[in-house]
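K.L.:
Quick one: this structure, given as structure tokens, is what I'll be asking you about.
The values are calculated or read from the model by the stated rules, or taken from the named source; none is laboratory data. A quick note: this is a predicted structure, and the numbers were derived from the prediction, not measured. Here the Cβ positions follow ideal geometry from the backbone for every residue, glycine too, while neighbour counts run over all protein chains shown.
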Amino acid sequence: MQLILSWPVRLLIVAILIFSVGVDGAGYIYRAVNKYPMSGNVPGLPPNYFGWQLFIHKGLDLAGGTHIDYQLTNFPAGQSRADVQQRTIDVINKRVNALGVSEPEIRGAGSNNDRITVDLAGVTADQAQKVIGRVTKLVYTKWVKDSNPASQSSPHPGYKPQLVGLTGDDISSASATIDQNGVAWVVNLTFTAHGAQVFDTLTRDNVAACPGDPATDPNAGCPERFLTIWLDLTQQDINNWDNPGVQAQLLQRYDSGGKMLVDAITNSEISGGQAQISGGSAGFTQAEANDLATGINSGSLPVDLTVLDVTQVGSTLGAESVKLSIAAGLLGLLIVVIFMIVYYRLPGLLASLALLFYAGAVFAVFKALPVTLTLAGITGFILSVGMAVDANVLIFERFKEEVRAGRTIPAAVDAAVRRAWPAIRDSNTSTLITCLILLFVGPAQIKGFAIVLAIGVVASLFSSIFVTHNLLAIVLNSTRMRRPALLGVDRARIA
Amino acid sequence: MLESPDDKESGAVSADEPESDLEETDGEPDETLAEEAAAVEEAVAEPPPIEKVVAPPRVRKLDIVSRRNWFFLLSLLIIIPGIISMSTKHFLLGIDFAGGTELTVTFTNNPTTAQVESAVASENIDGSVISTGAGGFIIRTPPLQPAQQTTVLNDLTNKVGPIDRSKLSILEVGGTIASETIEFALLAVVLAAVAILLLLMIRFRNVPGGWRAGFQFGGSALAALLHDVFLLTGLFSIMGAVLGLRIGEIDSLFVTAVLTVVGFSVHDTIVVFDRIRENLRVSQRLSFEQVVNLSIMQTAARSIITSFTVVLVLAAILIAGGASLKGFALALMIGIVSGTYSSIFNAAPLLVVWRRLQPVR
């Protein structure tokens with residue numbers, strides 16, 4: 001037990017304590033420093049420390065959020081409306097998850113499957129709408145002779161794009177990486193079986209239009225050999241190609257209002273179903289490449305979404321309900337603390353202090369990470385408090401046994417911690433494993449809970465073993481404290 | 001020293017010379033292990049000669065292991081009807097799963113959320129109320145027929161105030177939990193169960209009997225875990241689908257509760273098993289059954305106290321907490337009580353049965 005009682009561990013405990021007080025009390029420290037009153041509304045809260053906005057992020061059930069009501073239009077013909085609605089929900093779900101929103105509520109609605117409602121916490125309505133409504137549909141075109149060329153600004157004068165029936169829906173996955181040379185960000189594409197076939201034919205025909213190596217043979221660079229990737233290009237856009245204004249607009253880069261992504265020459269036939277998008281002459285930034293990959297992966301919306309209504313909504317659980325429940329939880333914890341003190345006396349009191357340390361540290365982590373707290377998350381937290389109590393109860397019950405077996409008090413504390421440790425370690429490990437499995441394979445709705453529980457387990461392990469033991473060792477240094485009545489044992493050897 | 005002494009042991013403890021064996025195999029010299037052995041055996045034999053124990057050890061006479069069949073029977077009496085109910089009647093699904101009706105209502109007299117909540121509660125349709133500000137509320141209920149909708153709206157007008165009909169919208173909404181969610185949750189439970197089995201096998205491989213014994217410990221703990229999961233889901237199926245009680249409704253919080261029980265159920269079992277492992281080492285004179293019974297008695301106080309503390313918190317929520325949380329608190333309570341019960345009365349006795357069928361020494 002030398003390690004637990006060593007000075008680096010004690011230093012670590014003090015450091016965590018200072019961190020927790022700093023983070024938990026950030027709002028009050030801000031008020032004190034700026035001489036604002038300690039309660040009521042003051043400007044500038046929550047304070048921003050080095051880019052950290054320190055406050056408790058509450059989920060939809062506790063704090064409410066944004067409610068968006070969508071109308072679905074333009075259903076693809078010949079498909080079940082319920083299926084299309086479900087696919088749309090899946091796409092929205094992926095997009096919202098990419099936004100980092102925890103536990104969104106997305107419901108299909110309407111007797112005709114033509115509505116979807118989305119409830120989100122922690123994002124502005126604007127942000128949410130931008131991400132959900134975003135259309136990222138990759139469209140491939142080749143270039144064909146334009147019978148009526150109107151403008152010379154086209155990358156291939158006298159030619160206009162033609163849809164080739166290859167879109168983002170034919171891509172099974174996309175990922176952003178650095179290219180082989182290690183300089184530019186690119187997006188790697190893997191086509192579906194159908195997409196691979198189309199792409200193969202397309203690239204073969206392209207090369208056949210004017211064979212040769214484009215790097216050396218000037219005749220090999222004909223416009224037919226180019227393959228162009230657009231975002232959301234429609235047949236309508238192509239029909240208006242010969243309108244100079246429209247054409248100039250379309251040819252803008254996609255991030256400045258245009259639709260063109262990259263216009264690349266086909267060097268050779270590509271048959272493996274793999275392709276790469278580079279950012280063209282401007283190149284991609286890492287963020288752009290990631291955004292594009294996410295957009296492609298989350299798929300394109302099969303329908304058009306029209307926002308019918310956006311409202312700020314209150315907590316889904318009802319404010320009264322939440323208040324009552326949290327009050328009930330706190331009351332329960334208070335009873336637990338009283339019970340610990342009455343039943344275990346001095347060690348119980350020290351364990352309660354360790355619990356305070358624990359709660360403070362966990363809340364600091366919640367604020368700093370940040371973790372979005374939902375009711376399920378708070379339950380995870382209360383249960384981890386239960387686990388922290390559990391570890392202490394294990395140690396104290398063992399302590400009583402060791403004293404009964406005739407050990408001196410310091411030896412009994414030492415033995416109790418050591419003997420209780422395997423059970424504490426194994427039971428916490430099993431809970432931690434469950435948390436990790438939930439995090440990786442669990443449904444999205446469970447992840448917040450799993451994170452809270454995992455943080456709680458680690459912190460409770462630390463507080464019950466390290467903090468309680470150190471407090472006990474320090475207090476029991478004084479022989480005056482080694483009184484059986486204080487320790488909840490009938491009789492003990494003092495020395 | 002954060003390692004337990006037994007981690008360094010390799011199952012080399014022989015039955016002949018317990019004391020000297022322990023001295024050798026222990027990583028650190030433990031001056032008091034012999035004393036410990038005496039203490040454990042004293043608990044079954046005599047009060048200690050030196051220390052005067054004022055209150056003699058309590059409840060040590062209770063023999064749980066030999067009455068194990070009664071406890072197995074008790075568990076089966078709850079679990080089997082539960083499984084029958086789950087497979088025939090399934091569950092009473094909440095709005096999260098089954099969807100329902102969403103009424104967007106605007107009151108012209110700006111009532112408080114609490115007023116609307118109490119009016120909806122008196123309708124007995126289990127609706128949730130969300131404020132959208134300026135007298136607007138979203139009320140979500142299980143599916144309502146048009147006639148019921150009219151009744152509800154009329155009652156709301158009578159109890160709360162006039163409704164602005166121009167802003168009224170009634171929408172059928174689907175569930176927020178896809179069947180996929182449940183598949184993921186089930187997969188998570190299965191993976192967690194396998195992982196816990198492996199963990200316990202590794203942790204308990206150093207009891208006499210090696211890996212096979214480790215498998216018995218892990219398997220018994222897993223059985224207790226499944227006991228808790230089936231008992232909880234079965235009871236909710238009975239309450240919701242058979243008895244039609246709203247509290248037995250299945251929602252996303254229930255899924256959370258089940259997963260929590262998976263995470264916590266093995267705690268008590270591990271504490272008992274850890275004690276069995278320790279006692280197997282220090283008291284070679286007792287039979288396996290006696291060791292198991294002794295270990296249960298030594299840890300029962302702790303298991304019951306711990307569960308009691310958590311149940312206290314949950315009881316507070318169940319009694320005083322909001323209506324939407326009562327089912328959740330009840331589910332956790334059942335799971336935790338069952339977890340403690342199964343570790344004391346099922347897991348450890350099951351270990352004895354398994355050892356009898358498949359002796360490892």
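K.L.:
Sort out which residues of the stretch A:106-129 are within 9 Å of another protein chain (Cβ to nearest Cβ) and of a type in the set (Ser, Thr, Tyr), and write them in order of number.
P.N.:
Within the stretch A:106-129, A:Ser111, A:Thr117 qualify.
K.L.:
Let me ask something else. Could you tell me whether A:Ser325 is within 14 Å of chain B (Cβ to nearest Cβ) and outside any loop (DSSP other than H, G, I, E, B)? Before you say what the answer is, go through the steps one by one.
P.N.:
Numbers: within 14 Å of chain B (Cβ to nearest Cβ): yes; outside any loop (DSSP other than H, G, I, E, B): yes.
In short, yes.
K.L.:
Looking at this structure, is A:Val322 closer than 30 Å to B:Thr104 by Cβ, out of contact with any Phe, Trp or Tyr (no Cβ under 8 Å at 6 or more places or on another chain) and in contact (Cβ under 8 Å) with a residue 24 or more places away in the chain? Give the steps one after another, and end with the answer.
P.N.:
Values: closer than 30 Å to B:Thr104 by Cβ: yes; out of contact with any Phe, Trp or Tyr (no Cβ under 8 Å at 6 or more places or on another chain): yes; in contact (Cβ under 8 Å) with a residue 24 or more places away in the chain: yes.
When the stated conditions are applied, A:Val322 passes them.
K.L.:
Among (1) under 31 Å from the mean Cα position of the chain (by Cα); (2) within 30 Å of A:Ala208 (Cβ to Cβ); (3) surrounded by 18 or more Cβ atoms within 10 Å (Cβ to Cβ), where does A:Gln276 come up short?
P.N.:
For A:Gln276, the exception is condition (3).
K.L.:
Filter the stretch A:439-483 down to the residues that are touching a residue at least 12 places away in the same chain (Cβ under 8 Å) and of a type in the set (Ser, Thr, Tyr) and list them by number.
P.N.:
A:Ser460, A:Ser463, A:Ser464, A:Thr468, A:Thr479
K.L.:
Of everything in the stretch A:404-459, what is among the aromatic types (Phe, Trp, Tyr) and within 8 Å of another protein chain (Cβ to nearest Cβ)? Give them in sequence order.
P.N.:
Matches in the stretch A:404-459: A:Trp421, A:Phe449.
K.L.:
Taking the stated definitions as given, is B:Ala195 within 9 Å of chain A (Cβ to nearest Cβ) and not β-branched (Val, Ile, Thr)? Before you say what the answer is, go through the steps one by one.
P.N.:
Working: within 9 Å of chain A (Cβ to nearest Cβ): yes; not β-branched (Val, Ile, Thr): yes.
It is true that B:Ala195 is within 9 Å of chain A (Cβ to nearest Cβ) and not β-branched (Val, Ile, Thr).
K.L.:
Going through B:Val173, B:Val190 one at a time, which residue ends up being within 14 Å of another protein chain (Cβ to nearest Cβ), over 20 Å from A:Gly380 (Cβ atoms), β-branched (Val, Ile, Thr) and in contact with a Lys or Arg (Cβ under 9 Å, 6 or more places away or on another chain)?
P.N.:
Details: B:Val190 fails: in contact with a Lys or Arg (Cβ under 9 Å, 6 or more places away or on another chain).
So the residue among B:Val173, B:Val190 that is within 14 Å of another protein chain (Cβ to nearest Cβ), over 20 Å from A:Gly380 (Cβ atoms), β-branched (Val, Ile, Thr) and in contact with a Lys or Arg (Cβ under 9 Å, 6 or more places away or on another chain) is B:Val173.
K.L.:
Which residues, taken from the stretch A:31-54, are surrounded by 10 or more Cβ atoms within 10 Å (Cβ to Cβ) and either touching a His at 6+ places or on another chain (Cβ under 6 Å) or closer than 21 Å to A:Gly122 by Cβ (or both)? Lay out the reasoning, then the answer.
P.N.:
Our first condition is that a residue be surrounded by 10 or more Cβ atoms within 10 Å (Cβ to Cβ); within the stretch A:31-54, this holds for A:31-32, A:34, A:36, A:42, A:44-49, A:52-54.
Matches in the stretch A:31-54: A:Gly44, A:Leu45, A:Pro46, A:Pro47, A:Asn48, A:Tyr49, A:Trp52, A:Gln53, A:Leu54.
K.L.:
May I pose another question? Which helices (runs of 4 or more DSSP H) sit wholly inside the stretch A:387-480 and have at least 2 residues that are within 25 Å of B:Phe204 (Cβ to Cβ)?
P.N.:
A:409-441, A:444-462
K.L.:
Does B:Val255 fit the bill of being crowded, with 24+ Cβ neighbours inside 10 Å and either without any contact (Cβ under 8 Å) to a residue 24 or more places away in the chain or under 20 Å from B:Phe184 (Cα atoms) (or both)? Steps first, answer last, please.
P.N.:
Values: crowded, with 24+ Cβ neighbours inside 10 Å: yes; either without any contact (Cβ under 8 Å) to a residue 24 or more places away in the chain or under 20 Å from B:Phe184 (Cα atoms) (or both): yes.
So B:Val255 passes the test.
K.L.:
For residues in the stretch B:316-329 being modelled with pLDDT under 85 and more than 7 Å from chain A (Cβ to nearest Cβ), which is farthest from A:Leu334 (Cα to Cα)?
P.N.:
Step one: filter the stretch B:316-329 for residues modelled with pLDDT under 85, giving B:316-326.
Right, trim to more than 7 Å from chain A (Cβ to nearest Cβ) and you get B:318-319, B:326.
Details: B:Leu318: 16, B:Ile319: 16, B:Lys326: 20 Å.
So the residue we want is B:Lys326.
K.L.:
Take A:Leu346 and tell me if it is more than 30 Å from A:Asp169 (Cβ to Cβ) and within 9 Å of chain B (Cβ to nearest Cβ). Before you say what the answer is, go through the steps one by one.
P.N.:
Details: more than 30 Å from A:Asp169 (Cβ to Cβ): yes; within 9 Å of chain B (Cβ to nearest Cβ): no.
No; evaluated as a whole, the condition is false for this residue.
K.L.:
Now, a different point. Among the residues of the stretch B:195-215, is there at least one that is buried (at least 22 other Cβ atoms within 10 Å of the Cβ), in the same structural domain as B:Ser87 (by TED's automatic domain parsing) and out of contact with any Gly (no Cβ under 8 Å at 6 or more places or on another chain)?
P.N.:
Among the residues of the stretch B:195-215, at least one is buried (at least 22 other Cβ atoms within 10 Å of the Cβ), in the same structural domain as B:Ser87 (by TED's automatic domain parsing) and out of contact with any Gly (no Cβ under 8 Å at 6 or more places or on another chain), which makes the answer yes.
K.L.:
Using the structure shown, decide if A:Asp69 is in a strand (DSSP E or B) and acidic (Asp, Glu).
P.N.:
Details: in a strand (DSSP E or B): yes; acidic (Asp, Glu): yes.
Yes: the conditions hold for A:Asp69.
K.L.:
Which of the residues spanning the stretch B:139-159 are out of contact with any strand residue (DSSP E or B) (no Cβ under 6 Å at 6 or more places or on another chain) and outside any helix (DSSP H, G or I)?
P.N.:
B:Gln145
K.L.:
Filter the stretch A:166-191 for residues that are loosely packed, with under 15 Cβ neighbours inside 10 Å and of a type in the set (Val, Ile, Thr); which is modelled with the lowest pLDDT?
P.N.:
Ranking the qualifying residues of the stretch A:166-191, first place goes to A:Val183.
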